[in-house]
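Following: one structure in structure tokens, then a few remarks.
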Ligand code: HPA
């Protein structure tokens, strides 16, 4: 057996033991400052990454490093409270180990969330934005021998972000009186924030949101056949000129994300209830 597959199977077996054999339908990845969604999971079973063979520990600020299994919106879910970023120095195989382990576990839907900079001038700090597509500056996580057990060598990415899930999200948001925006997520490795010239360039090629995560996870999730829903919380506006005194740091991003986390949590549980 491929050594990567063996690692995912061992990790999934361990997780299944902790959940008492219950299989989650939905995986949720919680971005910077968004970890509080995990507090809403009922009858939670907390599985620290450090207890899962093969898992790295997440070192990024606002990221805790636990899997939380339980019920949300009446369904079994498993949340990654903290993700692994490429900028932390992990190879893509480790950046995406959580998603592939969840796939082996039997997860069918992946909800990904992140804190992002808004480079669409219509976006405001605190906006919740449905990710409808992405542009990637990451190395592709599928480079290397293909895991045929998961999916094809050449993966179609035309509907990476599930259209039906986007529609459900819009309906749920309308019922809740929440305004959602939609946008294209542009991902690069970080850890530097973008220069104003880069922001102008990325905007020109169609970016609405700028971030340093999510895309590698979405690619491997689609490769495994999972249906993906993505949401960004706009935590800062991105600078388009060099005169502005505004600058941002990780602390501000986490603070803004925390403020929006309650609305996102409500929305996620409603979408999940509607699945
Ligand atoms: N750029 C990149 N990543 C980010 C930003 C940003 O402005 N804000 C939060 N994550």
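The values are calculated or read from the model by the stated rules, or taken from the named source; none is laboratory data. Remember, predicted model here, so these are calculated numbers, not experimental data. Here the Cβ positions follow ideal geometry from the backbone for every residue, glycine too, while neighbour counts run over all protein chains shown.
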Restricting attention to the range 97-110, report how many residues are surrounded by fewer than 23 Cβ atoms within 10 Å (Cβ to Cβ) and touching a strand residue (DSSP E or B) at 6+ places or on another chain (Cβ under 8 Å).
3
Looking across the range 121-164 at residues that are farther than 17 Å from residue 219 by Cβ and touching a strand residue (DSSP E or B) at 6+ places or on another chain (Cβ under 6 Å), the single one that is farthest from the ligand (Cβ to nearest atom) is 130
Unique match (being under 17 Å from the mean Cα position of the chain (by Cα), without any contact (Cβ under 8 Å) to a residue 60 or more places away in the chain and surrounded by fewer than 23 Cβ atoms within 10 Å (Cβ to Cβ)) among 53, 94:
94
Looking at this structure, is residue 141 modelled with pLDDT of 95 or more, in a loop (DSSP other than H, G, I, E, B) and more than 23 Å from residue 229 (Cβ to Cβ)?
no
For the range 191-206 the number of residues that are outside any helix (DSSP H, G or I), more than 10 Å from the ligand (Cβ to nearest atom) and touching a residue at least 40 places away in the same chain (Cβ under 8 Å) is 2
Residues within the range 178-189 that are within 12 Å of the ligand (Cβ to nearest atom) and surrounded by 18 or more Cβ atoms within 10 Å (Cβ to Cβ), tallied:
4
Scanning the range 207-225 residue by residue, those more than 13 Å from the ligand (Cβ to nearest atom) and either over 30 Å from residue 148 (Cβ atoms) or in a helix (DSSP H, G or I) (or both) turn out to be 216, 217, 218, 219, 220, 221, 222, 223
Matching residues, the range 136-165, being under 18 Å from residue 268 (Cα atoms) and surrounded by fewer than 18 Cβ atoms within 10 Å (Cβ to Cβ)
163, 164
Determine whether the range 113-129 contains at least one residue that is surrounded by fewer than 20 Cβ atoms within 10 Å (Cβ to Cβ), within 20 Å of residue 263 (Cα to Cα) and within 15 Å of the chain's Cα centre (by Cα).
yes
